[in-house]
1. Filtering segment 94-123 down to residues that are among the charged types (D, E, K, R) and assigned to a loop (DSSP other than H, G, I, E, B), which residue is least open to solvent (accessible area, probe 1.4 Å)?
2. Taking the condition under 14 Å from the mean Cα position of the chain (by Cα) and open to solvent by 30 Å² or more (accessible area, probe 1.4 Å), does residue 263 pass?
3. Any residue that is surrounded by fewer than 17 Cβ atoms within 10 Å (Cβ to Cβ) and at pLDDT 95 or above - is there at least one of those in segment 266-275?
4. Any residue that is modelled with pLDDT of 55 or more and basic (Lys, Arg) - is there at least one of those in segment 58-67?
5. Can you tell me which of 213, 147, 184 is closer than 27 Å to residue 246 by Cβ, out of contact with any Gly (no Cβ under 8 Å at 6 or more places or on another chain), open to solvent by 10 Å² or more (accessible area, probe 1.4 Å) and among the β-branched types (Val, Ile, Thr)?
6. Any residue in segment 233-241 that is surrounded by fewer than 19 Cβ atoms within 10 Å (Cβ to Cβ), closer than 21 Å to residue 284 by Cβ and over 11 Å from the mean Cα position of the chain (by Cα)?
Amino acid sequence: MEAAAAAPASAQAAERDPEHHQHHHGCLAVRTSLPRCALGAGGGSSLAGSSDEASCGSPRWIGRGLSCVCIKRKGAYERICMNLTPVQEERLQRLKHRMKVYFDPSRRDHQEALKALWHATYPDQELQGLISEQWKDMGWQGRDPSTDFRGAGFISLENLLFFAKTFSASFQRLLKKQCGNRATWEYPFAVAGVNITFMIMQMLDLQSTKPKTFVRAIFIQMLSEDEWAFDLLYCVAFVVMDKQWLDKNASYMDFNEVLKSTRTQLERELMLDDVMRIEDMPSYSLLC
């Protein structure tokens, strides 16, 4: 398994934004049930009828200069904005910045984050050093965990630390492989976490200039509800991956396939009718 990236993690409580009805550039930035949906494209508009196959519900409308795109939920059209509210824009830019930060073993704050991960994982064990055989117990590939952050960057470290502090019971259960019939050759916990971060970054495609999927648009709207939506999604993804691992009786060489099926499951749940926040995802109930 090849490590993908890592990132810094602040385990503070998620900040809620109660203001859901902000307007920006004339576009309503909430999913709102509408009997019909008007799409503004260069000042024009088109009306969608009641058919489930109406063209405004198709992903092909994404990224074609439309102000909004429509999806069918519970028999009524609802729209997701391409023009972001100030809150969405601020939080999206902050998340993008986190994704661009490489892990730098010479930076004091990065060193402290790595130490914080150790203490959150093994509170009763003293860390011998940032380069130590101890790190292998957590599932890093060698004595120096900094070498495993190449692909995902510092945010993957942030994600692991958020998981350890926010859902400590689930974190420890997965770390220690406590549930199910485990394989003789198990996935390395920490490196798997880095790869999960990288997978989510690819799935959401937040660095692209134009949205290409509904999943990205839906997630950006979730940032209005919770600034830590990415970190919460990471935690859900980790428990989903482990469940898929057990369901498939997987071994080390199956990791990439398990990661693909995990991504498929996440995308499916994010598109469900009643999922407006990460906490609404069915698999969120796996966390404890």
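1. Here the answer is 104.
2. yes
3. Yes, there is a match, as at least one residue in segment 266-275 is surrounded by fewer than 17 Cβ atoms within 10 Å (Cβ to Cβ) and at pLDDT 95 or above.
4. No; the residues of segment 58-67 include none that is modelled with pLDDT of 55 or more and basic (Lys, Arg).
5. When all the criteria are applied, what remains is 184.
6. no
The values are calculated or read from the model by the stated rules, or taken from the named source; none is laboratory data. Every value quoted in this text rests on a predicted model; they were computed, and no experiment measured them. So basically every Cβ, Gly included, is an ideal-geometry build from the backbone, and we count neighbours across all protein chains shown. Just the protein is used for accessible areas: all its heavy atoms, side chains included, with ligands, DNA and RNA removed. Shrake-Rupley method; radii C 1.70, N 1.55, O 1.52, S 1.80 Å.
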